[in-house]
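Asker: Got a structure for you, written out below as structure tokens; questions coming shortly.
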Amino acid sequence: MQKVALVTGAARGIGLATAQLFLEQGWRVAMLDRDVPALDSACAGLEGARAFYCDVSEPAEVETAVAEVLAHFGRIDALVNNAGVADFGPIAETDFKRWRNVMAVNLDGVFLMSQACLDALKETQGAIVNIASISGLRASTLRVAYGTSKAAVIQLTKQQAAELGEDGIRCNCVCPGPVRTKLAMAVHSQEIIDAYHDAIPLNRYGSEREIAEVIVFLCSDKASYVTGQVVAADGGFESTGVGLP
Ligand code: NAD
């Protein structure tokens, strides 16, 4: 039986690279995103993949999309909660609407998708991988909403691992360092880019594929005794103790 991965935010960036790697490794993939044209074009020509349109912050849309995935594929073996938004700013300049938008997608979306997939994952003794960020591990002067949302995703992962282990469901978290995606390039100034290059031991941004490799490994049977872990795929940044730019 071919395994099925559900990847949110799969229309581009890390989510698309993850969907492509799952396919290369023989999985079938449910690709979810709210950006319909981008998802259609990303999914076109990917054999074994199917597009599902969904805003992960909307409970009703999540319920419908997961039901559609199960109607089409019949099972879910791995859930990758990757969809996210970035909105950088200090507390004085972050109004409540901006704060709520970040929390709704980055945190509520992970909660809602995980809850909706729970019964299916119990049946397959599947895995959840939540995508947080090094911004959830370190404080910075610019990331009151984004950093807080990602720190919460790290704790949510640990809660999930503690609770769902008895059902055979493994839950882990990946904290990417900087990757040149649309999301990052919208909020990384040249100053931030230069500072990252200096601060990261490998002296470079990561690629989408390098993050996808860690995600797919954690979903695979090769990681069968790994749960509740927070894995930084960040070129060594977190190990240095240097502050976020
Ligand atoms: P990206 O902008 O390339 O892709 C994000 C995708 O999520 C897009 O396709 C977007 O349409 C989708 N999305 C956004 N809100 C959604 C919603 N409400 N419902 C459904 N889909 C939604 O960004 P990326 O860099 O590939 O980000 C993927 C994840 O990696 C995010 O959670 C992000 O916070 C995290 N991350 C990225 C970096 C980086 O430097 N790129 C670093 C650390 C963590």
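The values are calculated or read from the model by the stated rules, or taken from the named source; none is laboratory data. Since this is a predicted model, take the numbers as computed values, not measurements. Virtual Cβ from ideal backbone geometry, glycine too; neighbours counted across all protein chains shown.
Asker: Only one of Leu23, Leu32 is in a strand (DSSP E or B), in contact with a Gly (Cβ under 8 Å, 6 or more places away or on another chain), at pLDDT 95 or above and surrounded by 16 or more Cβ atoms within 10 Å (Cβ to Cβ). Can you tell me which?
Answerer: Residue meeting the stated conditions: Leu32.
Asker: Here's something else I'd like to know. Only one of (1) surrounded by fewer than 23 Cβ atoms within 10 Å (Cβ to Cβ); (2) over 27 Å from Ala116 (Cβ atoms); (3) touching a residue at least 24 places away in the same chain (Cβ under 8 Å); (4) within 11 Å of the ligand (Cβ to nearest atom) fails for His188. Which number is that?
Answerer: (3)
Asker: Here are the criteria: (1) more than 12 Å from the ligand (Cβ to nearest atom); (2) assigned to a helix (DSSP H, G or I); (3) not basic (Lys, Arg). Tell me which single one Glu210 does not satisfy.
Answerer: (1)
Asker: Please go through segment 96-146 and pick out each residue that is without any contact (Cβ under 8 Å) to a residue 60 or more places away in the chain, in contact with a helix residue (DSSP H, G or I) (Cβ under 6 Å, 6 or more places away or on another chain) and within 11 Å of the ligand (Cβ to nearest atom).
Answerer: Correct list: Val102, Asn106, Leu107, Val110, Leu112, Asn130, Ser133, Gly136.
Asker: Quick check on Leu21: is it out of contact with any Lys or Arg (no Cβ under 9 Å at 6 or more places or on another chain) and either within 27 Å of Gly177 (Cα to Cα) or not β-branched (Val, Ile, Thr) (or both)?
Answerer: In short, no.
Asker: Sticking with this one: For residues that are of a type outside the set (Lys, Arg), under 26 Å from Arg98 (Cα atoms) and part of a loop (DSSP other than H, G, I, E, B), tally how many sit in segment 115-165.
Answerer: Total meeting the criteria: 7.
Asker: So, of the residues in segment 17-71 that are of a type in the set (Asp, Glu) and under 19 Å from Val4 (Cβ atoms), which turns out to be farthest from the ligand (Cβ to nearest atom)?
Answerer: By that ranking, first place goes to Glu47.
Asker: Within segment 1-52, track down each residue that is touching a helix residue (DSSP H, G or I) at 6+ places or on another chain (Cβ under 8 Å) and among the small types (Gly, Ala, Ser).
Answerer: Ala5, Gly9, Ala10, Ala11, Gly13, Ala17, Ala19, Ala30, Ala42, Gly48, Ala49, Ala51
Asker: Considering segment 213-245 alone, what residues qualify as being among the β-branched types (Val, Ile, Thr) and either in a helix (DSSP H, G or I) or at pLDDT below 95 (or both)?
Answerer: Answer for segment 213-245, where residues must be among the β-branched types (Val, Ile, Thr) and either in a helix (DSSP H, G or I) or at pLDDT below 95 (or both): Val214, Ile215, Val216, Thr240, Val242.
Asker: For residues that are over 19 Å from the mean Cα position of the chain (by Cα), under 18 Å from Lys182 (Cβ atoms) and among the charged types (D, E, K, R), tally how many sit in segment 24-56.
Answerer: Going through segment 24-56 one residue at a time, the tally reaches 1.
Asker: Scan segment 151-165 and give yes if some residue there is within 14 Å of Asp234 (Cβ to Cβ), touching a strand residue (DSSP E or B) at 6+ places or on another chain (Cβ under 7 Å) and within 12 Å of the ligand (Cβ to nearest atom), otherwise no.
Answerer: The answer is yes, given that some residue of segment 151-165 is within 14 Å of Asp234 (Cβ to Cβ), touching a strand residue (DSSP E or B) at 6+ places or on another chain (Cβ under 7 Å) and within 12 Å of the ligand (Cβ to nearest atom).
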